[in-house]
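Read through the structure below, which is laid out as structure tokens, and then see the notes.
The values are calculated or read from the model by the stated rules, or taken from the named source; none is laboratory data. Predicted model only: the values in this text are computed from it and were never measured. Quick reminder, even Gly has a Cβ in these numbers, built from the backbone with ideal geometry, and neighbours come from all protein chains shown. Just the protein is used for accessible areas: all its heavy atoms, side chains included, with ligands, DNA and RNA removed. Shrake-Rupley method; radii C 1.70, N 1.55, O 1.52, S 1.80 Å.
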Amino acid sequence: MAGAIIENMSTKKLCIVGGILLVFQVIAFLVGGLIAPSPTTAVPYMSVKCIDVRKNHHKTKWLMPWGPNHCEKIKDFDEAMSRQIEANDIVFAVHIPLPSKEMSPWFQFMLFIMQLDIAFKMDNDLKENAEITLDVSLAYRDDMFDDWKEIAHAVELRKLKCTFGSPKTLDSEGRHYDCDFLPFMEIGSVAHKYYLINIRLPVNERKGINVGIGEIKDIRLVGIHQNGGFTKVWFAMKTFLTPSILIIMVWYWRRITLMTRAPVLLEKVIFALGISMTFINIPVEWFSIGFDWTWMLLFGDIRQGIFYAMLLSFWIIFCGEHMMDQNERNRLSGYWKQVGPIAVGSFCLFIFDMCERGVQLKNPFYSIWTTEVGTELAMAFIIVAGICLCLYFLFLCFMVFQVFRNISGKQSSLPAMSKARRLHYEGLIFRFKFLMLITLACAAMTVIFFIVSQVTEGHWKWGDITIQVNSAFFTGIYGMWNLYVFALMFLYAPSHKNYGDDQSNGDLAVGSGEELQLTTTITHADGPTEVYKLARKEAQE
């Protein structure tokens, strides 16, 4: 009777905790959908063709497309030819942002892609696999009357991938090619109010530089930056969640240290998962508002990589520690086959990120995809990481299958047990299945919301209410994994309640029992738990 009451209370507490976490999950989605604006904004820019006729172009002043000190402009290249202006003397200038606007540190980053307007001409056709050489410079200032200060200068190559939908005849001259967007620039901070880009297309027929690239009419840029309103909501969530996870971590580890035994592997892994989640949560981004920290994008990738590697490792160890008849338990070395692919895949993705965003810390115009060697190297890292991920999921699916098969086998032994102890173990099995279901739901929601955010227009409108789907995806999924880690530490914290063998009256004795753990494979200082003994006996039979 007492055992049934205790188990009913435990199940009731579990339902209450689940309900509270569900409420917080809904709030996390609503914060992004109803309060935050769209995560990013795309702004189109049309370059202005300026004339620079000085002999040493590299020492010339910066050319402004508009304003009181704007450059001398030309309308098109026909005007340049009529005025005998060479291609090397033409600079494409772009001012960021548009007139009467300012950039803000709340924008966090700037990503630019380039589109070329290339016209067909019989005597200047676009060659197959053509490459364009860009001599680009980037500068900033914080006052409209200050001098421009250089941030970066580079000479970059970009491959042109263009198609022409009409026959290449005289009648088709002047029609434009359909060209793919080109990666242009990425900066991990927006610490200044105004930016200026000067682009030159140097021509050298003897060296074959910018020869056979067609007749370029215009250069367009699309600038993408994070919305300031979304940044504030994101920072607020991080600031709120950081102490929440820290508090549950302290409570969880305190419960473990109060035990008479040393922490077991599963408890250590859950604690490490909490540390990695806290590492993501700590809102160091607040400092990016006052400091020009261009490495924040790379730092964010590293933090996410550590968390996901830890999460994948936890799933493997969680399943392995619940395989009751497994010989190698409570040892990390017993999982090297499963954890090895995670380490290799994470390392490959880290090297890829360092080759891309690591180099961009010095040269924001760099892209690993612009050269054949870089593309092959990047694809190699991604393919290896993909293979490791596939191997991991094969291992994981196999282990989950084994765990459920083991549990089903052990359930046949439960009727022979005393009522109180049987109810206790049924609760353990129920909680394990409950956590597996929650894990599957979290993974499914992540995939579903990612797909929805990609195929929708970015927002849904219901009457007067506008729901930002992309923002809801970011805040909701971020909050969901925080709640997942919170629930793990709450449910798997060691309990100090004692459960003994049934007495003749069927009630649950308290004085002679052993400590109750939520996991079914934890070994005590005095020997294995009854579940483990049961599993070993079943395996031997």
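Considering segment 319-398, its Cα convex hull presents a mean projected area of 6.6 nm². As a calculated quantity, the FRET efficiency between S166 and A380 at R0 = 51 Å, using C-beta atoms, amounts to about 0.85. The reciprocal of the average 1/r between distinct C-alpha atoms defines the Kirkwood hydrodynamic radius, which for segment 41-226 equals 17.5 Å.
In this calculation the C-beta distance from L30 to D89 is compared with R0 = 41 Å, giving a FRET efficiency of 0.15.
Per residue, segment 188-315 exposes an accessible area of 42 Å² to a 1.4 Å probe, with every protein chain left in place. In segment 326-423, which trypsin sites (Lys or Arg not before Pro) fall in coil by DSSP and have 16 or fewer other Cβ atoms within 10 Å? Passing sites in segment 326-423 are R331, K362.
For segment 295-373, what does the relative contact order come out to in percent, with C-alpha contacts under 8 Å and a separation of six or more?
Working: 32 pairs, mean separation 28.7, N = 79.
Relative contact order, segment 295-373: 36 percent.
Extending 7 Å from Cα along the Cβ direction at L361 and again at Q402 yields two label points whose distance is 4.1 nm. Y308 sits among other residues whose Cβ lies under 15 Å from its own Cβ, and their net charge, with Lys and Arg +1 and Asp and Glu -1, is -1.
When a 1.4 Å probe is rolled over the protein heavy atoms, the share of accessible surface on segment 41-226 that falls to carbon and sulfur comes to 50 percent.
Does segment 187-249 come out rounded, prolate or oblate, given a ≥ b ≥ c as the square roots of the eigenvalues of its C-alpha gyration tensor, rounded meaning a/c under 1.5 and, failing that, prolate meaning a/b above b/c?
Numbers: a/c = 4.42, a/b = 3.37, b/c = 1.31.
Because a/c hits 1.5 or more and a/b exceeds b/c, segment 187-249 counts as prolate.
Relative to the present Cα-Cα distance, how much length would full extension add between Q304 and S412 at 0.36 nm per residue of separation? Before the final figure, lay out the partial values.
Working: separation 108, 0.36 × 108 = 38.88 nm, distance 4.24 nm.
Here the segment from Q304 to S412 would lengthen by 34.6 nm.
Distance from the Cα centroid of segment 158-224 to that of segment 61-124 is 11 Å (rounded to whole angstrom). The modelled label-to-label distance for the pair S333/W286, using points 7 Å beyond Cα in the direction of Cβ, is 4.5 nm. Taking 0.36 nm per residue of separation and subtracting the current Cα-Cα distance, fully stretching the chain between T260 and K207 would add 11.4 nm.
In segment 69-135, what trypsin sites (Lys or Arg not before Pro) fall in a loop by DSSP, with at most 16 other Cβ atoms inside 10 Å?
K75, R83, K101, K121, K127
Pull out the extension gain between K268 and F434, defined as 0.36 nm times the separation in residues minus the alpha carbon to alpha carbon distance; nm, one decimal.
Numbers: separation 166, 0.36 × 166 = 59.76 nm, distance 2.11 nm.
Here the segment from K268 to F434 would lengthen by 57.7 nm.
For segment 41-226, the relative contact order works out to 37 percent when only alpha carbon pairs closer than 8 Å and six or more residues apart are counted. Just need the relative contact order of segment 219-303 here, percent rounded to a whole number, with Cα pairs under 8 Å and 6+ apart. Relative CO of segment 219-303 lands at 37 percent. Looking at segment 36-128, the chymotrypsin sites (Phe, Trp or Tyr not before Pro) that sit in a DSSP loop and have at most 15 other Cβ atoms within 10 Å of their own Cβ are W66.
How many angstrom lie between the Cα centre of segment 473-493 and the Cα centre of segment 246-274? Each part's Cα centre sits 17 Å from the other's.
For the residue pairs K75/K193; K127/K207; K61/K217; K159/K207; K232/K362; K73/K127, the alpha carbons lie more than 21 Å apart in K75/K193; K61/K217; K232/K362; K73/K127.
Summing Lys, Arg as +1 and Asp, Glu as -1, what charge do residues with Cβ under 15 Å from the Cβ of E356 carry, E356 excluded? After counting each charged neighbour, the total is -3.
The M122 and N69 beta-carbon pair, evaluated with R₀ = 45 Å, returns a calculated FRET efficiency of approximately 0.65. Charged neighbours of F381, selected by a Cβ distance under 11 Å, balance to -3 (K, R count +1; D, E count -1).
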